[in-house]
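The values are calculated or read from the model by the stated rules, or taken from the named source; none is laboratory data. Because the structure is a prediction, the values reported are computed rather than measured. Cβ coordinates were reconstructed from backbone atoms using ideal geometry, including for glycine residues, and neighbour counts include every protein chain displayed. Heads up: the accessible areas ignore ligands, DNA and RNA and are worked out on the full protein's heavy atoms, side chains in. Shrake-Rupley method; radii C 1.70, N 1.55, O 1.52, S 1.80 Å.
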Amino acid sequence: MKDKVTLKVFGLIKDPAFYAGKSIALDLQNAITDYVIEVEIQEMFEFDWKMFLNKVQILEKGSMWAFDGSVLFYKNEELLGSLKDFEQMVEEKFHYRNYRPSSLYEAFADEGYQKYLKASNHSFAYFDIAISGESVGRMLMELFTDICPKTCENFKALCTGERGRSQSGLKLHYQNSLIHRIVKNGWIQGGDIDQGIGNGGESIYGPVFEDESFAMKHDKPGILGMVNKGRHTNGSQFYITLQPAKWMDTKYVAFGRVIEGYDILKKLENQDTFNERPKHDCRLLLSGVICLDS
């Protein structure tokens, strides 16, 4: 009976190193006949990758604390490490060497990322965020348009500003608005497009609109949802969770998740606050929607 080897590849979906490791693992599965090789591949967006890597670092400790790569490999449930470690193992054990050019994996990465986004049939919006007037990067959010189409449409329109002004004259645009509330180990809150203090804002449908669905759960950090003042009072204010928050599941409409911007969310969470209001200006410099090529 042939020995079985299980290879697991976990990595960042937009990084060429992940595609290099994926290709090598699948090559081995198809070409090596002396072993039964099973391959498990899991691609991740940046936010999920950072959470996964944190868990691995806590579990493995030691040298993993310094690891900052974009792909990890396991052989028979034991951590191998980086792409370099994986390539060394397959050369020694299976006499396999990867001769494909790095430019090929760069093309795979770009194509694979775009393909993954399109296949989701979801929309994607972004915030360019500044703290104390300095840009800290872009946060990218996946909007579950199949679960909450009306809520997502409201959020997208507020990101682009395409609806102009409301009947009351309020500019319906997140751009230049504040993250006005940070609840440690809870959530961050923004979207008061009126005075930026947490008691204002409007939707594109009028002052408020109804709760659309509670199907999406608050089961991890990075969940995006609508702030309300009671049932059916959604406007423009939103929150992003910093921890799982199951108590929110039947009270607030979640409609998306952060897929890129893990470090940005951590920087916001770590801001000094007074009565949950950040002491330093935390602002959405720009907001918009990602256009995927057809």
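If you take the Cα centroid of region 180-224 and the Cα centroid of region 233-283, the two points sit 8 Å apart. The residue 213 and residue 89 beta-carbon pair, evaluated with R₀ = 30 Å, returns a calculated FRET efficiency of approximately 0.05.
With contacts taken as Cα pairs under 8 Å at a separation of at least 6 residues, the chain carries a relative contact order of 19 percent. Normalised by residue number, the volume inside the convex hull of the Cα atoms of the chain is 160 Å³ per residue.
Judged by the ratio a/c of the largest to the smallest principal axis of the C-alpha gyration tensor, region 87-241 counts as prolate, that ratio being 1.5 or greater while a/b is larger than b/c. For region 168-204, the residues whose backbone nitrogen is under 16 Å from a point 7 Å from the Cα of residue 285, taken along Cα to Cβ, are 175-179. Name the shape class, rounded, prolate or oblate, that the alpha-carbon gyration tensor gives for region 23-120, where a ≥ b ≥ c are the square roots of its eigenvalues, rounded holds for a/c under 1.5, and otherwise prolate holds if a/b is larger than b/c and oblate otherwise. Taking the square roots of the gyration eigenvalues as a ≥ b ≥ c, region 23-120 is oblate. Note on residue 185 and residue 118: the extension gain reaches 20.8 nm, defined as 0.36 nm multiplied by sequence separation minus the Cα-Cα distance. Modelled spin labels at residue 134 and residue 106, positioned 7 Å past Cα toward Cβ, are 3.0 nm from each other. Averaging sequence separations of C-alpha pairs under 8 Å and six or more residues apart, then dividing by the length of region 193-294, give the relative contact order as a whole percent. Computed value for region 193-294: 23 percent relative contact order.
Compared with the dominant principal axis of the Cα atoms in the chain, helix 149-160 is inclined by about 80°. Note on residue 243/residue 176: beta-carbon distance plugged into 1/(1 + (r/R0)^6) with R0 of 25 Å gives a FRET efficiency of 0.30. Rounded to 0.05, the FRET efficiency of the residue 61 and residue 205 pair, given R0 = 45 Å and the Cβ-Cβ distance, is 0.30. Taking the chain as a Gaussian network, Cα atoms linked when under 10 Å apart, which of 138, 277, 163 shows the biggest mean-square fluctuation? Maximum fluctuation in the GNM of the chain, among the listed residues, is at 163.
Rolling a 1.4 Å probe over the protein heavy atoms leaves residue 19 with an accessible area of roughly 20 Å².
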